[in-house]
Amino acid sequence: MNLLSKEYLGKSVHETEQVKVLTIDGIKKNYKVYKVDIDLLYYNTRNDRIASYIFEHSDTDYEAMNKKELNEKIQAFITSSNADNLKKTKISIQNRGQDIAGVSLKDGRVIDGNRRFTCLRMIQNEKHENQYFETVILEEDINDDRKRLKKLELNVQHAIEEKIEYNPIDRYVGLYNDIIRDEMFTIPEYAKETGRLKPNGQPDANYVKGEVDKAKLMVEFLQTFNMKDKFHIARELNMGGPLYEFNQVIKNIKDEDEKEIIKQIMFTTELVKPQPETKHLYRNIGKIMKSKEKDNFLEDAGSLSLEVQEEVKKKNTTIDASFIRENIRADEPLKTKFRSMIIEYHESANIKKQKEKVIDDFKKINSILDTINRQKVKDLDKNNKNELEFLLKEIEGKLKDISKVMEG
């Protein structure tokens with residue numbers, strides 16, 4: 001199908017007076033906007049948000065579906081995943097029309113504007129009136145060139161400021177698919193295609209690497225609890241924040257063995273979720289890992305985490321978000337055990353740090369005394385010597401007080 005062919009132009013595809021500015025392959029230009037009968041269009045299964053849904057239903061062959069079946073399945077997912085924002089967009093379109101044009105390929109694949117496309121489909125179903133999607137139509141022949149399709153999607157979507165940001169999990173699924181699993185892009189290429197640039201205009205590979213590290217942690221978390229590729233569970237458990245905290249702790253650990261142990265501790269802590277907001281627990285873990293309590297903590301918390309993981313394996317059941325909430329996160333004694341262990345080790349680390357600070361302060365004082373030039377002291381005039389003598393007596397008195405405290 002070619003939406004720009006004579007078969008469709010002037011019939012179910014109509015040119016408008018609008019243009020939309022897009023930057024594709026680094027070239028910024030105006031593109032014509034068309035009104036397209038929504039029945040000619042279909043969702044892009046390679047879209048990051050949609051891909052996470054497809055992974056959830058990996059037993060379904062979406063590629064074999066006809067356009068109508070595919071659209072109905074994906075519309076149901078989009079409708080359920082963001083109902084409140086979708087409702088607002090739908091009302092806006094009904095009242096004012098479509099404000100922002102989408103972007104589609106000439107074969108009818110929508111690569112930007114899924115939410116607006118979905119709202120128009122809903123309106124058409126409710127009113128039984130034919131609806132048109134306002135969209136740029138890119139003339140490229142994509143066929144099976146998955147990398148080119150993804151490149152266009154990244155160019156278009158990351159060049160437009162959307163009112164609704166990607167769920168971080170959907171973004172990590174995209175990174176995992178495009179960089180790790182399918183190896184379609186290198187990290188610098190991905191930074192370039194998404195417009196993630198440094199002030200000097202060069203691709204910000206370090207930023208993308210950090211995002212890839214979080215995507216890897218997401219995959220490892222799911223694999224640890226026999227939930228491989230069940231990215232929807234990570235989304236349902238709101239793992240975006242915890243993945244950020246995991247990465248903050250892990251990137252400061254050099255020893256690979258310690259890194260693996262602490263991963264398992266944090267993964268299991270998040271599975272148990274000792275308290276509604278866990279970021280402070282992970283920040284406490286980060287501080288423990290920089291203290292002399294590190295080794296004991298790794299041993300104790302590592303053993304507890306291993307016990308929980310073994311118990312989960314013994315359940316011999318399908319692990320999903322409902323099971324985690326209703327069984328693991330409902331175990332109050334277990335939650336208390338994790339929370340107490342982290343808090344106690346953090347407090348102990350703080351106490352030791354405070355004690356070490358006292359010694360460090362005296363070492364600094366001692367070092368300063370060593371640097372004082374004795375000859376210059378000898379050469380002081382009478383007034384300065386009197387002042388120094390007063391200070392020495394004052395210091396001597398304070399040292400005696402500290403000695404008494406030590407003896408008491």
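The values are calculated or read from the model by the stated rules, or taken from the named source; none is laboratory data. Just so we're clear, the structure is a prediction, and the values are computed from it rather than from any experiment. Using ideal geometry, Cβ is built from the backbone for each residue, glycine included, and neighbour counts are taken over all protein chains shown.
In this structure, does D25 turn out to be of a type outside the set (G, A, S), surrounded by fewer than 16 Cβ atoms within 10 Å (Cβ to Cβ) and at positive phi?
Values: of a type outside the set (G, A, S): yes; surrounded by fewer than 16 Cβ atoms within 10 Å (Cβ to Cβ): yes; at positive phi: yes.
Considered against the rule, which asks whether it is of a type outside the set (G, A, S), surrounded by fewer than 16 Cβ atoms within 10 Å (Cβ to Cβ) and at positive phi, D25 comes out as yes.
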Among (1) of a type in the set (K, R); (2) in the same structural domain as Y282 (by TED's automatic domain parsing); (3) assigned to a helix (DSSP H, G or I), the one test that K254 misses: (3)
Positions within the stretch 91-110 being of a type in the set (S, T, Y) and closer than 26 Å to N66 by Cβ, in sequence order: S104
Criterion violated by I74 - all others in (1) part of a helix (DSSP H, G or I); (2) in contact (Cβ under 8 Å) with a residue 24 or more places away in the chain; (3) surrounded by fewer than 19 Cβ atoms within 10 Å (Cβ to Cβ) satisfied: (3)
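Could you please let me know if I91 is modelled with pLDDT of 90 or more and either acidic (D, E) or part of a helix (DSSP H, G or I) (or both)?
yes
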Close pairs from the stretch 278-300: first touching a residue at least 60 places away in the same chain (Cβ under 8 Å), partner among the charged types (D, E, K, R) and in a helix (DSSP H, G or I), Cβ under 6 Å, at least 6 apart: K292/K352
Positions within the stretch 291-349 being of a type in the set (K, R), closer than 29 Å to D229 by Cα and part of a loop (DSSP other than H, G, I, E, B), in sequence order: K315, R329
Cross-chain or 6+ apart pairs with Cβ under 8 Å, the stretch 380-408 first and in a helix (DSSP H, G or I), then at pLDDT 90 or above: L388/L380
Condition met for K404 (over 54 Å from the mean Cα position of the chain (by Cα) and at pLDDT 90 or above): no
Residue within the stretch 357-374 that is at pLDDT below 90, closer than 30 Å to R283 by Cβ, outside the structural domain of K290 (by TED's automatic domain parsing) and of a type in the set (V, I, T) present: yes
Residues of the stretch 23-58 satisfying the condition of being farther than 19 Å from G108 by Cα, of a type in the set (S, T, N, Q) and either in a strand (DSSP E or B) or out of contact with any Lys or Arg (no Cβ under 7 Å at 6 or more places or on another chain) (or both): T23, N30, S58
K20, sole failed condition from (1) in a loop (DSSP other than H, G, I, E, B); (2) more than 29 Å from the chain's Cα centre (by Cα): (1)
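Name the residue, out of D99, D107, D170, that is under 27 Å from D213 (Cα atoms), among the acidic types (D, E) and modelled with pLDDT of 85 or more. Spell out the reasoning first.
On the way: D99 fails: under 27 Å from D213 (Cα atoms); D107 fails: under 27 Å from D213 (Cα atoms).
Criteria check complete, one pass: D170.
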Among (1) farther than 26 Å from I24 by Cβ; (2) assigned to a helix (DSSP H, G or I); (3) among the charged types (D, E, K, R) - the single one D229 does not satisfy: (2)
The one condition in (1) within 24 Å of P168 (Cα to Cα); (2) modelled with pLDDT under 85 that Y43 fails to fulfil: (2)
